[in-house]
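Just so it is clear, none of the values below were taken in a lab; they were calculated from the coordinates. These figures come from a predicted structure and were not determined experimentally. Cβ placement follows ideal geometry from the backbone for every residue including glycine, while neighbour counts extend to all protein chains displayed.
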């Protein structure tokens, strides 16, 4: 959402460059397109490009920097929220960036699959999201046993779940309900880790996680609870 | 373990090159060292280098390709083993590669921290391990609900846990028991996901996961079990 700055609504230079770059990448291929081609198409000087994008790769993913900043701000403001829920909500910011423009996201996904350099770039970006989430969780779990370990495992789980759902949606050509798919995937992580690190780090506070079939008879369940609590 | 091939035990060319490269990287820095410098130090021709390593980065991590092949073979042979346990064991193959030569691993860790190109390379390698594990789990969970999602989340968790422990060990300069640290970290993942995808995908087979404080009184526990089972 950009506000009009005067009577002639003009797209910001950054967007103009990113759009010119992307069109050329689709037409000619990523490797075959030079920065000179891009600035010629956009009708600006060569130095303008590097003012906005450190590299050609960055022009393919023009919104990740802003999204990373949004995520950091979001988590800074998360306060006392349940931490796993907070990072799941943070992951949804990334999804929103993709679903804001399905056609572009799907085309870019296909382009990325074909260009190893773009896949590597994307890996680095994904890692930065993961580190942002892990940093937040590490702060929230600073008093918990294995806090840093839990933080990193949960951040990796959230990223993997989000990306599994996002990738299915991109592969399908942007069909279906991406929000519902990501909610479902993140639900799996919340079920697994939702209570992680919530308890105080006392040895006394040790928890028991039980998995019980709904078909198990009650006596079996009680027996397992007792045995897990060491009261048998 | 290399077998002697004759009376004069000679290190294989690949090792000689990797060692020459690494010494130069430490002495002059990674960026400042050229392939010409490396082959001059090793006393071989320029084309020999590229016969063994596609790039300078590959010479810094000469054992990952073999370790990836070992992991694939290990998981192919895993058969009916409990799947989360199998990928945890697969992750230990990577640890073993690092702990086989602590001094080299620690020096390389420090070098990698200083060179962005090496960090990117490492991210790609880590991703390949993760995909190898996820591929195995996907096969094992092919009948389970959300099998592909579970496979990717668990693979990401295992990698994150392993790397958390490995990184601590590398940061400490290779002090302490890396095996015990990785076992502990992987234990967290097994506790969280160990039963994942084991049950059949019947709706009837739905499971309940409960987290209960060890200090909770038994009546509270039973109440929660009953309420979770919808028998209240």
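A few notes on this one:
- The equivalent ellipsoid that matches the C-alpha gyration tensor of segment A:63-194 spans semi-axes of 26, 15, 13 angstrom, in descending order.
- Using bins of 5 Å that start at zero, the share of Cα-Cα pairs per bin across segment B:115-181 amounts to 4, 17, 18, 18, 18, 13, 8, 4, 1, in whole %.
- Take residue A:47, move 7 Å from Cα toward the beta carbon, and the resulting point lies 4.6 nm from the same point in each other copy, nearest first.
- At q = 0.15, 0.17, 0.32 Å⁻¹, base-10 log of I(q)/I(0) for segment A:13-57 (Debye sum, equal scatterers on each alpha carbon): -0.28, -0.36, -1.32
- Label points for residue B:172 are taken 7 Å from Cα along Cα→Cβ. From this copy to the others they lie 4.7 nm apart, shortest first.
- Estimated distance in nm for a label pair at residue B:184 and residue A:184, the labels positioned 7 Å out from Cα along Cα-to-Cβ: 3.9 nm
- Residue A:100 versus residue B:123: modelled label distance in nm, points set 7 Å from Cα along the beta carbon direction: 2.1 nm
- Under the simplified labelling scheme, the residue A:172-residue A:65 pair shows an inter-label distance of 3.4 nm, with each label point 7 Å from Cα along Cα→Cβ.
- As a proxy for reagent exposure, A:143, B:81 were ordered by neighbouring Cβ count within 10 angstrom, fewest first; the result is A:143, B:81.
- Label-point distances for residue A:101 to the equivalent site in the other copies, using a point 7 angstrom along Cα→C-beta, read 4.7 nm when ranked shortest first.
- Fewest-first ranking of B:114, A:152, using other Cβ atoms within 10 Å as the exposure measure: B:114, A:152
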